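Read-outs: derived from the displayed coordinates by stated rules, not from any lab. Since this is a predicted model, take the numbers as computed values, not measurements. In this analysis, Cβ positions are derived from the backbone assuming ideal geometry, glycine residues included, and neighbour counts consider all displayed protein chains.
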Amino acid sequence: MNFVTILIGVVALIIIGVVALVYIGLRNPQTTDERILQARLEEFNRRGEEVNLEKIELSLPFQERVIYPMARKLGEIAVKFTPQNALQSIARKLELAGSPGRLDPTVFLALQFIAAGTFGGILFLAITFGRVNWPIGQRFLIILGGTLLGFFFPQIWLTSRINRRQKEIRKAMPDALDLLTICVEAGLGFDAAMAKVAEKWESELSLAFARVIQEIQLGKIRREALRDMADRIGIPEMTSFVAAVIQSEQLGVSMAKVLRIQSDQMRVRRRQAAEEEAHKAPVKMLIPMALLIFPSLMITLMTPAALRLMNSALAGMFR
């Protein structure tokens with residue numbers, strides 16, 4: 001067994017490990033570790049068995065006991081060598097994305113290094129087993145490019161998650177404000193109306209409203225909870241809505257009237273955004289038309305003419 005075979009085996013094992021860590025890091029757990037332990041503790045109490053913390057921890061799934069803590073430990077090591085501004089930027093992006101998978105900056109950094117190792121390892125194996133006769137420098141550049149792509153892939157995924165969440169909230173805001181207006185005009189308070197929206201719908205906006213209600217119940221002032229919600233969402237429409245609600249509360253203006261005005265404005269903005277996207281469509285269609293549709297039409301139309309010319313007397317002029 002030569003050195004290359006041993007190296008390939010080591011890289012394969014590393015890839016298997018990092019793929020498992022990526023899966024755990026990107027999964028969407030329904031409960032936190034503390035809740036899982038609490039659920040196990042309640043289960044042991046219902047059974048009447050003796051409570052043993054070691055037994056409870058061993059009853060947890062393997063990924064909760066070993067793999068997820070390993071990913072977190074790797075992220076903690078990466079945090080020591082990461083600037084504080086970068087950590088704050090990652091935390092801000094995770095907040096704007098709605099904390100997908102309950103990720104924190106530590107685990108997200110670990111996922112970046114894991115993805116980098118996965119992409120680089122796959123390219124290394126492909127080049128090695130493919131028996132490509134490329135120079136060493138070219139192989140190194142390809143593997144390095146794949147590693148860098150893997151490192152930035154979680155950032156690309158997170159950015160797309162942020163854009164998708166903000167787009168969903170923009171789309172849902174007019175209908176949510178209509179329901180808020182109806183509830184307030186029917187006699188409910190603003191907090192109760194927000195709770196009704198959170199109860200009726202299952203969307204990113206309803207989750208944001210539900211979090212505001214929870215924060216208010218825990219003692220936070222309503223205007224601070226609303227401002228924090230606007231910061232977590234990060235779109236101008238929500239910022240203007242929160243500012244209008246806070247001003248109406250401070251100035252004593254009718255909340256129902258303010259909500260109706262905000263609802264009309266949100267519908268106008270949504271219609272304007274749809275018209276803007278419609279105006280962009282012709283420009284976006286130019287690339288597929290120029291590269292795919294027009295060449296296909298030219299081949300379809302010109303091929304019969306070219307075949308007739310090849311079999312005609314004019315073909316001798318070009319020989």
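Residues of region 79-125 that are more than 26 Å from LEU144 (Cα to Cα) and of a type in the set (A, V, I, L, M): ALA91, LEU94, LEU96, ALA97, LEU103.
I want to confirm something. Restricting to region 239-256 and keeping residues that are without any contact (Cβ under 8 Å) to a residue 40 or more places away in the chain and among the small types (Gly, Ala, Ser), which single residue is surrounded by the most Cβ atoms within 10 Å (Cβ to Cβ)? Among those that are without any contact (Cβ under 8 Å) to a residue 40 or more places away in the chain and among the small types (Gly, Ala, Ser), it is SER248. Go through the residues of region 162-178 one by one and say whether even a single one is out of contact with any strand residue (DSSP E or B) (no Cβ under 8 Å at 6 or more places or on another chain) and not in a helix (DSSP H, G or I). Within region 162-178 (the criterion being out of contact with any strand residue (DSSP E or B) (no Cβ under 8 Å at 6 or more places or on another chain) and not in a helix (DSSP H, G or I)), the answer is no, since none of the residues qualifies. Restricted to region 228-318, the set of helices (runs of 4 or more DSSP H) holding at least 1 residues that are within 24 Å of ILE162 (Cβ to Cβ) and of a type in the set (Gly, Ala, Ser) comprises 236-251, 255-288. Residues satisfying the criterion are present in region 119-135 (criterion: over 26 Å from ALA208 (Cβ atoms), surrounded by 19 or more Cβ atoms within 10 Å (Cβ to Cβ) and touching a residue at least 40 places away in the same chain (Cβ under 8 Å)).
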